[in-house]
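Worksheet: one structure, shown below.
The values are calculated or read from the model by the stated rules, or taken from the named source; none is laboratory data. Model, not experiment: these values are computed from the prediction. Neighbour counts run over all protein chains shown; Cβ positions are idealised from the backbone, glycine included. Surface areas here come from the heavy atoms of the whole protein model, side chains and all, with no ligands, DNA or RNA. Shrake-Rupley method; radii C 1.70, N 1.55, O 1.52, S 1.80 Å.
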Amino acid sequence: MIQLPIYEHSANFPFSREEVWAWHARPGAIRRIMPGWEGIRPIEVGGIHNGAKTSFKISIGPVPQRWVAEHHSYIEGEQFCDNMVKGPFGRWDHAHKFLAVSDDEMTIHDHVDWKLPFHFFSRIGAPIMVMPRLKQMFKHRTRRINADMNRQAKFKDAPRKRILISGSTGLIGTQLSAFLETDGHDVHRLLRKTSSLHPDSDKNKIVRWDDQTGEVLEGSLENFDVIIHLAGAGIGDKRWSKKRKQLIINSRTIPTKNLSEQIAHLASPPSLFMSASAIGFYDNRGDEELDETSSIGSGFLAETCQQWEQSTEPARSAGIRTVILRTGLVTTAAGGMLQKLLLPAKMGGMGPVGGGRQWQSWISFDDQIYSIHHLMNQDDSEGVYNLTAPNPVTQKVYAKTLGRVLRRPAFAPIPGFMMKLLFGKMGKGLILDGQKVHPKRLIESGYDFEHSDLESALRDTLGRFN
């Protein structure tokens, strides 16, 4: 039987209807439910009230499209609907109904009435092109809402915080900001003088500064409970020329030192300063077991991370509790290393690189966000924390696992000299070298990982659910 172009989905949540409604009504919700593998980019986010419009860019096949939806039939606490006014479908009307089951349980029922531009294609394309994609998307939404709200519930009795985030337009900063907003925190963004704000961010909640001099150009650094510093030029974006290496160092050390000095002299400084770093601190260490007590390695990445972390000293010396976040390979289809690997992996060309014995200390995108949130809410968190999953893998195992998730072969070896030819010193530092890092202090703090094994993390971020 040919499926009609109607899609219905129901999902249960172990929270009250009021709690789940409040989560959806807050800024950041739309960012949190968008699947990373879809590459959706919001252009305008107008909320869920009648007449509010949301628009974003999405790819339908190889062609990028602009989708504009207008909200209607809003009933506070019960439902909101959106109708596509511009986009790839002939019709798209989506009703979200919030149904109470008990005081601490509820159901979201989604009803999507859709058709392709030519109704004949709707009937043919439904079971092949549209329905599988919808099932994948709504499974992701259900898991995302449950996971986020479970994490937020752990600290629901803690006071909401006023938070300032630098690097808020970057890969991690964008999702961290959205997650904290759905948790009810008052999130502000620290922007460089040339940075553009995301279109779905609050233009009234920014502080603009010159990161190379430390001068605050707009707003104030006063009266924040937490400042989270994530900004820095991408390490893997370009080949490491002498000029690029200096930019990588300067974009981390100078702004970090300037920000640290600024907050050290505030009349109302933050109680917590969290600053990014990376496991490149340990450099290439073979099979050595590494944790936060391990010594620094040698080489460009280690030296960069050491200078980066030392730049937080003014804040620490002023008595501000300081947390250093040494992040591993963040596993997300939305960016970073995995995004670069997807095309060759889907073509079956992903296999052992340079022998594949080098260790890759990864962390899921979920755990990257949740671990920062966890440490932010620990009154005794201080010093260095490795943000990596508890089970690092070799590059060969990573490639095989990715191939299994994508259902593609992963045996074609790639010689190490090819990486050096293609990427120069960056290829050696980021691809051929490795380290076996463990999140000892994070686990000791009581953090429970969302994804402790690589396959579950890859399936989640790629939408390849079992």
- Task: Select, from Lys257, Lys243, the only residue that is modelled with pLDDT of 95 or more and among the basic types (Lys, Arg).
- Result: Lys257
- Gly214 passes all but one of (1) on the phi > 0 side of the Ramachandran plot; (2) open to solvent by 20 Å² or more (accessible area, probe 1.4 Å); which number fails? (2)
- Query: Counting only residues that are among the hydroxyl-bearing types (Ser, Thr, Tyr) and either at pLDDT below 95 or part of a loop (DSSP other than H, G, I, E, B) (or both), which one in the range 9-60 is surrounded by the fewest Cβ atoms within 10 Å (Cβ to Cβ)?
  - Reply: Ser59
- Of the residues in the range 226-240, those that are closer than 16 Å to Gln262 by Cβ and at pLDDT 95 or above number 4
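Is it fair to say Arg464 is under 19 Å from Ala345 (Cα atoms), in a loop (DSSP other than H, G, I, E, B), among the charged types (D, E, K, R) and modelled with pLDDT of 90 or more?
Answer is yes for this residue.
Here is a yes/no grid of residues against (1) more than 28 Å from the chain's Cα centre (by Cα); (2) under 25 Å from Leu462 (Cα atoms); (3) at pLDDT 85 or above; (4) surrounded by fewer than 17 Cβ atoms within 10 Å (Cβ to Cβ):
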{"position": "Val101", "(1), (2), (3), (4)": "yes, no, yes, yes"}
{"position": "Pro127", "(1), (2), (3), (4)": "yes, yes, no, yes"}
{"position": "Gln152", "(1), (2), (3), (4)": "no, yes, yes, no"}
{"position": "Phe155", "(1), (2), (3), (4)": "no, no, yes, yes"}
- Task: Go through the range 75-94 and give me each residue that's open to solvent by 50 Å² or more (accessible area, probe 1.4 Å) and assigned to a strand (DSSP E or B).
- Result: Ile75, Asn83, Val85, Lys86, Arg91, Asp93
- Note on the structure: In the set Trp37, Trp114, the lone residue that is closer than 23 Å to Gln175 by Cβ and in contact with a Gly (Cβ under 9 Å, 6 or more places away or on another chain) is Trp37
- Task: Scan the range 325-351 residue by residue and report those that are open to solvent by less than 20 Å² (accessible area, probe 1.4 Å) and more than 18 Å from the chain's Cα centre (by Cα).
- Result: Ala345, Gly348, Met350, Gly351
- Message: Can you tell me which condition Trp209 does not meet? The list is (1) over 17 Å from the mean Cα position of the chain (by Cα); (2) over 30 Å from Phe89 (Cα atoms); (3) surrounded by fewer than 17 Cβ atoms within 10 Å (Cβ to Cβ), and all the others hold.
- Response: (3)
- Task: Give the range 159-169 a look and list any residue that's open to solvent by 30 Å² or more (accessible area, probe 1.4 Å) and not in a strand (DSSP E or B), or say none.
- Result: Pro159, Arg160, Lys161, Thr169
- Message: Looking at the range 355-384, I want the residues that are closer than 26 Å to Pro413 by Cβ and have a partner that is part of a helix (DSSP H, G or I) and open to solvent by 20 Å² or more (accessible area, probe 1.4 Å) with Cβ atoms under 6 Å, at least 6 apart or on another chain. Which pairs are those?
- Response: Gly356/Lys396
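Mind counting the residues in the range 395-415 that are open to solvent by 70 Å² or more (accessible area, probe 1.4 Å) and either within 19 Å of Arg357 (Cβ to Cβ) or among the acidic types (Asp, Glu) (or both)?
Total meeting the criteria: 4.
Answer with yes or no whether Pro5 is closer than 28 Å to His185 by Cα, surrounded by 15 or more Cβ atoms within 10 Å (Cβ to Cβ) and not β-branched (Val, Ile, Thr). Break it down into steps so the answer makes sense when it comes.
Details: closer than 28 Å to His185 by Cα: no; surrounded by 15 or more Cβ atoms within 10 Å (Cβ to Cβ): yes; not β-branched (Val, Ile, Thr): yes.
Answer is no for this residue.
From the residues in the range 61-73 that are of a type outside the set (Gly, Ala, Ser) and open to solvent by 50 Å² or more (accessible area, probe 1.4 Å), which one is farthest from the chain's Cα centre (by Cα)?
His72
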- Item | Wholly enclosed helices (runs of 4 or more DSSP H) of the range 212-328 bearing at least 1 residues among the basic types (Lys, Arg) | 242-264, 313-317
- Exclusive hit being of a type in the set (S, T, N, Q), crowded, with 16+ Cβ neighbours inside 10 Å, touching a residue at least 12 places away in the same chain (Cβ under 8 Å) and in contact with a His (Cβ under 9 Å, 6 or more places away or on another chain), set Ser195, Ser260, Ser251, Ser201: Ser260
